[in-house]
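Only one structure is covered here, and it is reproduced in the block below.
Bear in mind that the values in this text are calculations on the coordinates, not laboratory data. As the structure is a prediction and not an experimental result, all values here were calculated from the model. Cβ sites come from the backbone with ideal geometry, for glycine too, and all protein chains shown count toward neighbours.
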Amino acid sequence: MPLARQLDLLTALGDESRLRLCALLEQRELCVTDLVKITGISQSRVSTHLARLREAGLVVDRRQGTQSFYALAHHALPRAARSVLEEVVTAADPLLEGDRERLAELEAERRSGLSDVAADEIERYYSPGRTWQSLALGLASLLELGDVLDVGSGDGAAAASFAGACRSLTCIDTNPKLAEAARERLSGWPHVCTRVADVQALPFAAGTFDVVVLFHTLTYAEQPARALEQCARVLRRGGKLVLLCLDQHRQLATTSRYGERHPGFSPGEVRRLLTRAGLRVSSSEVVSREVKKPHLQVVRALAVKPATAAAARTPRKRS
């Protein structure tokens, strides 16, 4: 290696903050936000140091959405740089040990479930083919859903993940353009039909479906209670309803731009609406939180249409 190149590498490593960043990136792929949390170094300085390390060929970056993730360039490290970093990574230094502890805490927080992280970032710890889409398709292959109604199916993106698990699948949306897009997307499935319809006046006979799916539809409905009553009506006895919606929030100025009429529904309110519609609710809870501000949360509810009308009127005792 030319002397100038060796000097450039040593100069890049000749800074305490850059050595700390390299020690962390030797263990994990991390973004700027992660490194700021762990080291306490300002975001602007972290970005500057990463740019310097990247220029020196010590760090590589990978773009995902609006974020970049950084890792040590293991395979491209010259012997001299590798020796220096091996010493740093194993050093019994209080500052470095503190960084390692905070990295471990950050990862434990991610594994716990509902933090600034998790579900939205499965591809962060990438391996070939490991995506939410492949996971959803794999899980859907285990299902036998029967006759399914997808309410507010949009362009059919969600329906495409479970269409193969249905005996029949009916997708409805009030937007003709989206309904047509869903028809084209799902055209390869002969048992799928798509039509324009309003959840508040479903054009189906009572007891038509085994499963009703409402994925982020309730907040768009003018009359949410009426919408759920209609869904309950077209369910067969013993049929299931699966609902996803935004948790109650104060960000209507943001969500209304997408056509949402309501500022979300709390798990308790979702439970009350489903119960009022004559369904027996098995769960209603927050299951995810968006990474980006304003950190909107999502409620998932599961409900069943009782086997008899009398059972629907009998309140279930809480444990």
Problem set entry | By average C-beta atoms within 10 angstrom, highest first, the peptides 164-174, 197-207 | 164-174, 197-207
Exercise. Expressed as a whole number of Å, what is the distance separating the alpha-carbon centroids of the stretch 13-86 and the stretch 165-228?
Worked result: 48 Å
For this session: Could you go through the stretch 236-251 in sequence order and give the Karplus-derived ³J(HN,Hα) for each residue, using 6.51 cos²θ - 1.76 cosθ + 1.60 with θ = phi - 60°, rounded to whole Hz, and x for Gly and Pro?
Result: 6, 4, x, x, 10, 10, 10, 10, 10, 7, 5, 5, 4, 8, 10, 10
Problem set entry | Simple spin-label estimate for Arg276 and Arg54 in nanometres, 7 Å along Cα-Cβ | 5.2 nm
Problem set entry | Three-way shape label, the stretch 135-313, alpha-carbon gyration tensor, a/c 1.5 | rounded
Problem set entry | Potential lengthening between Val196 and Glu97 on full extension [0.36 nm per residue; Cα-Cα distance subtracted] | 29.6 nm
Problem set entry | Pair Gln133, Thr66: separation of 7 Å Cα→Cβ label points (nm) | 2.2 nm
Exercise. Which of the peptides 41-52, 20-31 is most tightly packed, and how do the rest follow, judged by the mean count of other Cβ atoms within 10 Å per residue?
Worked result: 20-31, 41-52
Exercise. Among rounded, prolate and oblate, which fits the stretch 192-284 when a ≥ b ≥ c are the square roots of the eigenvalues of its C-alpha gyration tensor, a/c under 1.5 means rounded, and a/b larger than b/c means prolate?
Worked result: oblate
Problem set entry | Cross-link partners of Lys240 among lysines (Cα-Cα below 27 Å; sequence separation of 8 or more within a chain) | Lys305, Lys317
Exercise. If you plug each phi of the stretch 271-284 into the Karplus form 6.51 cos²θ - 1.76 cosθ + 1.60 with θ = phi - 60°, what whole-Hz ³J(HN,Hα) values come out, in order, with x for Gly and Pro?
Worked result: 4, 5, 5, 5, 5, 4, 7, x, 9, 9, 8, 8, 7, 7
